[in-house]
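Here is the structure we will look at, set down as structure tokens.
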Amino acid sequence: GKMAAAASGAAAPVCVLVLGMAGSGKTTLVQRLVAQLHAQRCPPYVVNLDPAVRELPFPANIDIRDTVNYKEVMKQYGLGPNGGIVTSLNLFATRFDQVMKFIEKRQNASKYVIIDTPGQIEVFTWSASGTIITEALASSFPSVVVYVMDTSRSTNPITFMSNMLYACSILYKTKLPFIVVMNKTDIIDHSFAVEWMQDFETFQDALNQETSYVSNLTRSMSLVLDEFYSSLKVVGVSAVLGTGLDDFFVQLSKAVDEYEREYRPEYERLRKTLEKAQNKQKREQLEHLWKDMGSVCVQGDTLAGSDDASAMGPSELILTRGTLDEEEERESDTDDIDHEVTEESHEEPAFKNFMQETRMKYQRRSNPNE
């Protein structure tokens with residue numbers, strides 16, 4: 001632990017994006033990872049992106065709840081819980097360049113940045129703001145997606161399959177190294193799942209107990225998943241007992257190698273060719289978010305991510321939380337929010353491109369020289 005932290009003096013921190021369905025034990029896993037890293041004298045930098053969580057069982061360096069009042073957002077925009085989470089995340093995403101600055105300033109102190117995401121997983125994975133946040137992290141730091149699943153709830157082959165399809169869709173959406181954490185091994189050993197993934201026949205046998213339309217669909221889907229499984233990093237852990245974490249860190253360092261090998265060159269290429277276009281696009285994405293939220297009065301130039309502090313409007317969300325002492329904390333100014341609500345825009349999940357991208361990925365894998 002100590003040596004690793006010292007050796008990584010110059011290395012960029014690894015961003016670990018923790019995703020999982022409600023009840024998968026995502027937050028408990030984050031708590032366990034944070035505790036273990038502290039015990040190894042390698043304290044992580046922790047970011048909480050769940051605006052609706054009541055109690056966090058770990059200290060967060062940056063907490064969305066400090067800058068966005070979820071209940072207030074629901075009230076002001078007349079939204080239900082999910083809409084409230086999306087809008088809170090949108091507000092936060094428009095300020096994410098500041099979060100990036102905090103992470104950069106901390107890069108010598110922390111080897112890992114651990115990001116806990118909202119309990120409603122689709123809010124993060126299929127929203128514009130989730131994409132902005134993921135891409136911002138991945139284009140600056142080695143980033144890995146950790147998908148947490150409740151193994152004890154996946155003993156039925158059809159439930160298992162739907163969990164895997166969801167994981168698979170997120171893999172293609174984020175295009176980042178991906179680790180599936182089969183949590184709750186204290187309740188049930190995850191070996192049955194690994195066996196299903198490695199041996200098509202055993203999964204078919206399990207399915208044969210189920211005769212329904214769904215199982216026929218599942219049968220044909222499992223052929224698609226076969227390729228997904230072959231390159232998937234899987235680790236069984238118990239967040240409650242802390243077992244399996246050593247294996248988790250081994251897989252994490254493999255995932256970081258994969259990022260360096262396959263993803264970083266891609267991001268750097270993108271960065272060079274898209275820097276100008278991206279600024280324009282980022283501005284448009286952000287303006288799009290503002291529109292979704294009704295007009296929030298912020299002076300135009302802050303959207304460009306201007307470094308000039310004097311240009312920042314009164315509602316600037318300065319995200320300090322036991323981090324930088326040179327900037328005092330300011331409350332977000334909720335009075336700045338205009339109460340007009342524009343019509344909610346629903347993003348179409350990226351399933352249309354899903355199979356197409358899958359095919360392209362396989363082609364690339366089979367002819368790596370192209």
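Computed values, structure above
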{"read-out": "Thr273 versus Leu241: modelled label distance in nm, points set 7 Å from Cα along the beta carbon direction", "value": "4.9 nm"}
{"read-out": "Cα-centre dipole for segment 42-91 with unit charges at Cβ (Lys and Arg positive, Asp and Glu negative), debye to 20", "value": "140 debye"}
{"read-out": "Segment 50-134 - Rg and Dmax from Cα coordinates, angstrom", "value": "13.1, 43"}
{"read-out": "Convex hull per residue volume in Å³, alpha carbons only, for segment 81-126", "value": "79 Å³"}
{"read-out": "Residue (of Phe102, Thr125, Tyr172) at the positive-pole extreme of segment 44-174, dipole from beta-carbon charges", "value": "Phe102"}
{"read-out": "FRET E, pair Ser253, Lys291, Förster distance 41 Å, beta-carbon r, rounded to 0.05", "value": "0.45"}
{"read-out": "Candidate lysines for bridging to Lys282, where Cα separation is under 25 Å - those fewer than 8 sequence places away on the same chain excluded", "value": "Lys101, Lys105, Lys173, Lys175, Lys272, Lys291, Lys352"}
{"read-out": "Bins of 5 Å from zero: percent of alpha-carbon pairs in segment 66-206", "value": "2, 8, 15, 17, 16, 14, 12, 9, 4, 2, 0"}
{"read-out": "Set of segment 141-165 residues, backbone N closer than 17 Å to the point 7 Å along the Cα-Cβ line of Asn208", "value": "157-158"}
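Read-outs throughout are calculated quantities, based only on the coordinates presented, and are distinct from any laboratory measurement. Because the structure is predicted, anything quoted here is derived from the model rather than measured. Note that each Cβ is placed from the backbone with ideal geometry, even for glycine, and that neighbours are counted across all protein chains shown.
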